[in-house]
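One structure is given below, encoded as structure tokens.
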Amino acid sequence: MPAVPQGLAQRIRELALPLRCESRTDAELLSAFATSRDEDAFAALVVRYRHVVWDTCRLALGSDADAEDAFQAVFIALARDAGKVCPGTLEGWLRTVALRASANARVAARRRELAHRRLSAQAAPAVEEVAPEEDLLAIVREELAGLPAGLRVALSLYYLEGKTQAEVGRILGVTDRAIAARLRRGLEALRGRLVRRGTAVSAATLVAVLGGVATGAGEAVPAGLTATATAGALAAAGGKSLASAAAQLAVGLTGSGEAARFKLYGLLLALAGLVGLGAIGGAVVQAERPAVVSPEPAAPLAPQPAPLVDGLGDELPTGAVARIGTDRFRAGRAAGAEDVAFFPDGKTLASVHGGAEVSLWDAATGKRVLTFDGPAGARWVVADPTGRRLAVAGAAEVWVWELGAGAPRVAWTWRAKQTPPQPAVPALAFSPDGSVVAAGDWDGKCTRLFNAGTGAEVANLPGRTRAVSAAGGKYLAVICGSGRDAWADRLVFWDAPAGRAARALDAPPGEVFVDVSQSADGRAVVRAASGAVRLVDVASGKELGSWTVRDGARRGLAFLPGGKELVEVEGGRVRVRAPATGAEVRGALPIPALVLHTLNNNLDVAKQLSPDGKYLATSSLGAVTVWDLATGRPAGPRGQVQGGIRAVAFSQDGRSVLTFADRADEVCVWDAATGEPGSPLVPPAGTGFVGLGWATGSRPLTLCRPPVPPDPGSIQVLDLRTRAAESVALPSGQTWVSGTSGHLAPFAVAASGERVAVASGATVDVIDPTGKGVRRLTTRATAARLALSADGRTLAAVTHDWPPRAPGGGPLPPRVAVELWDVAAGRARPVSVSQTSWDLFQVAPALSADGRWLAAVTWEGAVSLVEVSSGRTGQQLECPERPGALAFSPDGRLLAAGGTDGAVAVWDLATGRLAKRFRGHRGAVVALAFAPDGRRLASGSVDGTALVWGVTDLRNAGGGRPVGELRDAVLGADVGAAHRAGLALSERPDDAVRLLAPKLASPPEPDAADVARWIDELGDDAFAVRERAQTALEKAGEAVGPALRKRLASDPPAEARFRLERLVARLESAANPARATAARIVATLERAGTPAARRALEDAARRGSPGLKAEIEAALARMPAPPASR
């Protein structure tokens, strides 16, 4: 592979950051690269479409190694043909080329596999075939790791990384023939190890299984591949000859006529094999299917168990055992402005969410009926009155489809000139008879009217468009300008059958129109920005009534069927008014979760109302909600969550899960086994939830925001059986709780339910659930986030130190840090490792259940583990995707990280390896929690669902390392190695007690006379004597602590004082090697958890120093109580 220039790799990392995305369009990026070889522009295209290309290659091939070659080949082809690709169809072009590259890669891999089968068939006679299932993959991984280095490296390079024999030979410095022999010996040795474990497979099956070993960790774009592909493509475009497999795959992927064909057709491709469609202008053609080489039929597998389903019958992702909430009405993450519209029959909804995807939904069940590609930046969607056409406006395009039996067919498209970041199409609507499509043209300073069937422009209304609407009325209403440079000061009612304007209304001087809605009898309600509302008869222009509403509010108006009532929708409430007077016909219906979240100029409520006027559809944050306007509750499938799930917590008995949804501060209790919803919790009147957890006895515990700041909030503890709630006042001084809705407060509940931490400014109170104070701590700056260990003994506080503003300047970013506290002692623990590399602002750190380890996300997206007792960094884990949440399993063995791509990565900390990557969320994972028994993991996502995963089989029994090696590592100086070894050795409790318990024995106390002499010699005139005395006192350890402190208090000479202070500080330091080693031994025996381990700890506590005794007593308190003797 070509070397990746450091500057280019850094630029790619910068482009990949969500908050620094490239704002130029595909056309601008392609043009910049094709005309001036702008490498930044090409890197931005790779970053933008890397997931599209990777998913296509990965799904088509199944092998990461082959998919990586195909992935690179696609971008090499793009770099060579950048000037020939039509920007409007770039994604379709990339998908098609990716499928072709995958087909070529599959042929090459098949040839290699057949050749190697012939090579390996001579190794041993064939035995019974075993299907390469997950269990076999795990066994092969373990046994492969146990092979001699020479054989293991050769097999890994050839099978796992997909290199040719020649490439492997060059890497290892041997001939092709030697590599062939080494591969043959490696297969024989690996098969022999499998047979000894009772697993017999043929060489051919083993080859297939080895191909699957590389794909067990997930399907994210592998680390470094984006940069490598970019560098290779730029090198190829610059004329450099490449000899890589990817460069060979890229040959012939596109031909001289390829770009012209894509430009003509505008392919719309789907991975599932749907027929693609393409169009430009008004011509619609059937897209060609890419050539795909079919693999040979596989041997029949054993019958597989039926997939698990949730309470609605929808299939669960692989590895999930329950779903909280529902995937229905969930499009995934929103990429910009969103819109939703009912079809005329009221049975179907169409939605767009700022990307290039259009979704059709069953309005009653919430099931997604169809998904297909549309224009980039899709922000408007509308169905025509017959339901046979659908129009979608993107950032700079309008697409119109013909709907009927089969897949949607693109009838025509239109592209506007765009000046980013302003969208080129600010509004979209069909005329009431469906014959005309109206689209605003921002840069063109007009509203264009197109023939709905052909796309031919039939009229042009001057002035920039504010809104267009037609649903429920007789005319196409357009809020535009009185001239080309005017905006929203004129309202035109267009009569589509007649092809002319029926009426035009001008706004009063200095006023602009913002909303219009029509009734079927020819009346219209018009709202101005000032809040003035007028009811007019369109035919005569006569005003029939007027009234006012609060100006500046985001709201929409629409006539209900019959035209006698008008519905007014705004954030949090719905009103029904009389059109002429504005009088409320029905009282305001509060719907706290109704968020009118849109970046569009206007809210076209008329198209979002069902034809019978009973339901209102809204789209927000990638989700569609249908509201029952009679009850204010969501209609459709049960279990819908309003907003993203920002917090999850298991009850102590593991039967229930508590969730916090951010759109309306909603807290719900769910059945952890089935995902069935219970009744939502109700906060006290006027308050809202800002924190959650479980009190002892599996009682939901919530923190409530006060109705009037700066009044303190309260803690509510609910008995689920009686529904009786107990209110607990916060300690005096806790006045922070008047924060914004939808955000969690600095609040934490220990997993045991026995401790609660709450912060106000720099004051942190740790209390019990009854409100009784345990400890008040003072942090160095404002506490923004809190975490408590399971026993409540250790607290982590993320603090924000806001620097003062410069004169005339704006606010400066805070200095963010994490503080660790021993709650019982009320003492801060040192954190010696630098925190400048940690992203504490976006991702809260996690504490292990025993409080011994802290996990934090770095700015590079890795996870750093810090030993709390010493403040030193242990393991550093590389993440497939940037984490948004972290959690330790109760035994400290597993660490989970939820990614921004919706996947959950789980590491086995005993090996430091990624044990599993669960995929199933459509949005970023922002909350994680393990069940108390450590067998399940719950992940909450911004997609409004939580998934419960089974993690029972992810622990790898230490990888088979010798116990002596594990013991030496626990006693060694490497913090990370000691952590891994301690976790692995605790899985062998008898060995752990036998090897480690003797190491807790206190060294014999030195003679008092010797101690006194050594202390005296600290002030000796001879340097060598002073050094010898200090060394002897250091070796004596904590036994000499009282004598040192006594002499220090007697005002010794300067040299002696200096050395005494150093010795005392070393004894009291958490980084004391002897103390740190003893703490790791205690941790290992605690995790072992056997009666023998308990006895060993109890014996050590009786004989140990005061510091060690406190450590052991805390461990014994966390261990299960021994069975009562009879």
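Side notes on the structure shown:
- Pairing residues of region 553-576 that are in the same structural domain as A528 (by TED's automatic domain parsing) and over 18 Å from A664 (Cβ atoms) with residues that are of a type in the set (F, W, Y) and assigned to a strand (DSSP E or B), at Cβ distances under 7 Å and at least 6 apart in sequence or on separate chains, gives L566/F559.
- Of all residues in region 775-790, none are among the small types (G, A, S) and at pLDDT below 85.
- Unique match (being exposed (fewer than 14 other Cβ atoms within 10 Å of the Cβ), modelled with pLDDT of 85 or more, of a type in the set (G, A, S) and over 26 Å from the mean Cα position of the chain (by Cα)) among S698, S727, S732: S727
Per-residue answers, yes or no, for (1) among the acidic types (D, E); (2) outside any strand (DSSP E or B); (3) over 20 Å from V605 (Cα atoms):
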position: A504; (1), (2), (3): no, no, yes
position: G510; (1), (2), (3): no, yes, yes
position: V514; (1), (2), (3): no, no, no
position: D521; (1), (2), (3): yes, yes, no
position: V526; (1), (2), (3): no, no, no
position: G545; (1), (2), (3): no, no, yes
position: A558; (1), (2), (3): no, no, no
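- Residue match in region 676-688 (condition: farther than 19 Å from R785 by Cβ, at pLDDT below 80, acidic (D, E) and in a loop (DSSP other than H, G, I, E, B)): no
- Only a single criterion out of (1) at pLDDT below 85; (2) surrounded by fewer than 19 Cβ atoms within 10 Å (Cβ to Cβ) is not satisfied by S870, namely (2).
- Among the residues of region 435-467, those that are surrounded by fewer than 20 Cβ atoms within 10 Å (Cβ to Cβ) and among the acidic types (D, E) comprise D443, E457.
- Of all residues making up region 968-1007, the number that are closer than 15 Å to G874 by Cβ and among the β-branched types (V, I, T): 2
- Selected residue [closer than 21 Å to A724 by Cα, touching a residue at least 40 places away in the same chain (Cβ under 8 Å) and over 21 Å from the mean Cα position of the chain (by Cα)] from D612, D665, D653, D604: D653
- Of the residues making up region 1100-1121, those that are over 19 Å from V1040 (Cα atoms) and modelled with pLDDT of 85 or more are I1112, E1113, A1114, A1115, L1116, A1117, R1118, M1119.
- Against the numbered list (1) modelled with pLDDT under 80; (2) surrounded by 24 or more Cβ atoms within 10 Å (Cβ to Cβ), D55 comes up short only at (2).
- The residue list A757, A745 contains one member that is of a type outside the set (D, E), within 29 Å of G644 (Cβ to Cβ), touching a Phe, Trp or Tyr at 6+ places or on another chain (Cβ under 9 Å) and modelled with pLDDT of 85 or more, which is A757.
- For region 528-543, residues that are within 13 Å of Y475 (Cβ to Cβ) and not in a loop (DSSP other than H, G, I, E, B) total 2.
- When the test is whether a residue is more than 44 Å from the chain's Cα centre (by Cα), at pLDDT 90 or above, in a strand (DSSP E or B) and among the small types (G, A, S), A580 does not pass it.
- Subset of region 994-1003 (residues that are part of a helix (DSSP H, G or I) and either among the small types (G, A, S) or out of contact with any helix residue (DSSP H, G or I) (no Cβ under 7 Å at 6 or more places or on another chain) (or both)): R994, A997, P998
- Flag if A416 is assigned by TED's automatic domain parsing to the domain that holds P611, under 14 Å from D384 (Cα atoms) and out of contact with any Cys (no Cβ under 8 Å at 6 or more places or on another chain): no
- Hey, L886 closer than 23 Å to R922 by Cβ, hydrophobic (A, V, I, L, M, F, W, C) and touching a residue at least 40 places away in the same chain (Cβ under 8 Å) or not: yes
- Among the residues here, W487 qualifies as closer than 29 Å to P423 by Cα and in contact with a Lys or Arg (Cβ under 9 Å, 6 or more places away or on another chain).
- Inspection of region 468-489 identifies at least one residue that is basic (K, R) and surrounded by fewer than 20 Cβ atoms within 10 Å (Cβ to Cβ).
- Residue check, W399 over 22 Å from V52 (Cβ atoms), in a strand (DSSP E or B) and either at pLDDT below 90 or among the aromatic types (F, W, Y) (or both): no
- The helices (runs of 4 or more DSSP H) falling completely within region 1004-1099 that include 2 or more residues that are of a type outside the set (D, E, K, R), modelled with pLDDT of 85 or more and closer than 30 Å to A1115 by Cα map to 1073-1088.
- Within region 407-418, being in contact (Cβ under 8 Å) with a residue 40 or more places away in the chain and not in a strand (DSSP E or B) holds for A407, P408, Q418.
- Restricting attention to region 329-381, the residues being of a type in the set (D, E, K, R), in a loop (DSSP other than H, G, I, E, B) and crowded, with 24+ Cβ neighbours inside 10 Å number 2.
The values are calculated or read from the model by the stated rules, or taken from the named source; none is laboratory data. If you're wondering where the values come from, they're calculated on a predicted model, not measured in any experiment. Every residue, glycine among them, receives a Cβ derived from its backbone with ideal geometry; neighbour counts consider all protein chains shown.
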